[in-house]
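Data block below; observations after.
Readers should treat all values here as calculations from the given coordinates under stated rules, not as data from a laboratory. Computed from a predicted structure; not experimentally measured. Quick reminder, even Gly has a Cβ in these numbers, built from the backbone with ideal geometry, and neighbours come from all protein chains shown.
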Amino acid sequence: MARIIKLTYLTYELNGLVDRGYSIPLKETLKSCQQETMFEELERRFAFKETGLDLSLLKPEERKELADAFRERALAGGEREYYNVERNGLCLLIAYAQDLINQEAKK
């Protein structure tokens, strides 16, 4: 249950960025997921003072766990076919989080 809460929190934060018109090119998102640097990249690109993005509730071990799971999905592909995302990497991160929420809910 705790993991679902953290994933939902992450989707709300990312959705807020999308709603305010922010994006990341899909290729750059895939690269940061494959390198497990996506949280650092998000905080670098979308500083709290400018965008309000707040990932502070995600502890380092939770970030590592999510980065591993997102890496698996990025390496597997299927951005367009499975996740229905073609352009905005933030939307892909939301889709990955939703996929993990679905996985958790099935347990």
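Values as computed for the structure displayed
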quantity	calculated
Unique match (being touching a Lys or Arg at 6+ places or on another chain (Cβ under 9 Å), without any contact (Cβ under 8 Å) to a residue 60 or more places away in the chain and aromatic (Phe, Trp, Tyr)) among Phe46, Phe39	Phe39
Filtered residues of the range 37-72 (kept if over 19 Å from Ser23 (Cβ atoms), among the small types (Gly, Ala, Ser) and either surrounded by 11 or more Cβ atoms within 10 Å (Cβ to Cβ) or touching a Leu at 6+ places or on another chain (Cβ under 9 Å) (or both))	Ala67, Ala69
Leu75 in contact (Cβ under 8 Å) with a residue 12 or more places away in the chain, under 17 Å from Leu92 (Cα atoms), surrounded by fewer than 12 Cβ atoms within 10 Å (Cβ to Cβ) and hydrophobic (A, V, I, L, M, F, W, C)	yes
Qualifying residue in the range 13-22 (condition: in contact (Cβ under 8 Å) with a residue 12 or more places away in the chain and among the acidic types (Asp, Glu))	yes
Residue in the range 83-102 that is under 22 Å from Ala2 (Cβ atoms) and loosely packed, with under 13 Cβ neighbours inside 10 Å present	yes
Test: Ala97 is closer than 13 Å to Lys27 by Cα and out of contact with any strand residue (DSSP E or B) (no Cβ under 8 Å at 6 or more places or on another chain)	no
